[in-house]
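Inspection log for the structure reproduced underneath, given as structure tokens.
Where a number appears in this text, it was derived from the coordinates with a stated rule and is not lab data. Just so you know, these numbers come straight off a predicted model, no measurement behind them. Here Cβ is always computed from backbone atoms with ideal geometry, including for glycine, and neighbour counts include all displayed protein chains.
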Amino acid sequence: MKAYVYVSLKKSVLDPQGKTIHGALNKMGYKGLADVRQGKYFEIQLDGLNHDQAKAEVERAAKEVLTNPVIEEYRYSIEE
């Protein structure tokens, strides 16, 4: 199995890197881009776990290691 974890800043947290990227895209002529938010992406290979165990381990890793829960949120998917 493989897990895909996406981490991003909470909507209430200012994203200066996203703003900078948004400004650069506008200057380069890209149209219709209302906002840009940046984040992190992780691919985790899982072995020897059933689906429920994999879900529990990914949740734990995301909460305890991959995110700063004060300013970040996460979502994930697991592929069999």
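In a fully extended conformation the segment linking Q53 and N26 would gain 5.3 nm over its present Cα-Cα distance, using 0.36 nm per residue. Based on C-alpha pairs under 8 angstrom that are at least 6 apart in sequence, the chain has a relative contact order of 55 percent.
Mind ranking 35-41, 61-67, 45-51 by how tightly packed they are, going by the mean number of other C-beta atoms within 10 angstrom, highest first? It would help to have the intermediate numbers written out before the result.
Numbers: 35-41: 12.7, 61-67: 14.6, 45-51: 10.0.
Averaged packing, sorted descending, gives the order 61-67, 35-41, 45-51.
Within the shell defined by Cβ-Cβ distances under 11 Å, the residues around G18 carry a net charge of 0, with Lys and Arg each +1 and Asp and Glu each -1.
Based on the Kirkwood radius over alpha-carbon pairs, what is the Stokes-Einstein translational diffusion coefficient of the chain at 37 °C with 0.692 mPa s viscosity, in µm²/s? Before the final figure, lay out each step's value.
Working: Rh = 14.3 Å.
My calculation gives 230 µm²/s for D.
Amide H to amide H distances under 5 Å link L46 with K2, A3, where only residues 5 or more positions off or on other chains count and H is placed in the peptide plane.
Each other residue within a Cβ distance under 14 Å of V58 adds +1 if Lys or Arg and -1 if Asp or Glu, for a net charge of -3.
Positive end of the dipole of the chain (Cβ unit charges, origin at the Cα centre): among I78, G23, A56, the Cα lying farthest that way belongs to G23. The number of Lys pairs in the chain with C-alpha atoms less than 18 Å apart, excluding pairs fewer than 8 positions apart on the same chain, is 14. In a reduced charge model with +1 at each Lys and Arg Cβ and -1 at each Asp and Glu Cβ, the range 37-80 shows a dipole moment near 260 debye about its Cα centre.
Evaluated with a Cβ-only charge set (Lys, Arg +1; Asp, Glu -1), the range 2-79 carries a dipole of roughly 520 debye about its Cα centre, given to the nearest 20.
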